[in-house]
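Asker: Sharing a structure with you now.
The values are calculated or read from the model by the stated rules, or taken from the named source; none is laboratory data. A quick note: this is a predicted structure, and the numbers were derived from the prediction, not measured. In this analysis, Cβ positions are derived from the backbone assuming ideal geometry, glycine residues included, and neighbour counts consider all displayed protein chains. Note: areas computed on protein heavy atoms with side chains; ligands, DNA, RNA excluded. Shrake-Rupley method; radii C 1.70, N 1.55, O 1.52, S 1.80 Å.
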Amino acid sequence: MDERGGADTLLVTLFVFPLLLFVCFAGIPFFVYLMKGSHLNVVANHALKEAEAVGYVSPEVMTATVTRLAELGLEPTTRNGVAYPSFAGSTVSKVLRDDPDGIVTVTISYPAPNVTRLLGLLGGGAGGDEGLYRVVLHGKSEAYE
């Protein structure tokens, strides 16, 4: 009776199974990265609709946006002395509908998860800045005065 085939199958299983398990679990950080970016984009679209209505990114719009992000698990944080979410680059002065350039801009920056650490597990170089999500949306102001 040839029992060698069973031993080969067992050895292959012992080598392949941990590799497949690693590949399956390695996808989780990428999924989290993509989902956080998607959530940020949805909240930024809500902020744009509110900013279009009032003609600029008002403190109320910023507060509502920070609250929505916190409800989704993207709480306010600080990195290198900068508070996030950051609205730097957003329209902060009122733009009227009839203005020649009646465009309202919403810019939201938030720290992204560090997915580069996975490269260290694969033997690649992991390091550097973790990066930021940066969503920039433009819309037409609907404010009359």
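Asker: Only one of (1) assigned to a loop (DSSP other than H, G, I, E, B); (2) open to solvent by 60 Å² or more (accessible area, probe 1.4 Å) is not met by residue 22, so which one is it?
Answerer: (1)
Asker: Okay, moving on. Count, please, the residues in the stretch 82-102 that happen to be surrounded by fewer than 13 Cβ atoms within 10 Å (Cβ to Cβ) and under 24 Å from residue 37 (Cβ atoms).
Answerer: 3
Asker: Of the conditions (1) under 30 Å from residue 22 (Cα atoms); (2) loosely packed, with under 14 Cβ neighbours inside 10 Å; (3) at pLDDT 90 or above; (4) of a type in the set (D, E, K, R), residue 36 clears all except one; give me its number.
Answerer: Residue 36 satisfies all of (1) under 30 Å from residue 22 (Cα atoms); (2) loosely packed, with under 14 Cβ neighbours inside 10 Å; (3) at pLDDT 90 or above; (4) of a type in the set (D, E, K, R) except (2).
Asker: Continuing with this model, one more query. Specify which of the listed residues (74, 69, 48) is open to solvent by less than 60 Å² (accessible area, probe 1.4 Å), farther than 23 Å from residue 131 by Cα and at pLDDT 90 or above. It would help to see each step written out before you state the result.
Answerer: Details: 74 fails: farther than 23 Å from residue 131 by Cα; 69 fails: farther than 23 Å from residue 131 by Cα.
Within the list 74, 69, 48, the selection yields 48.
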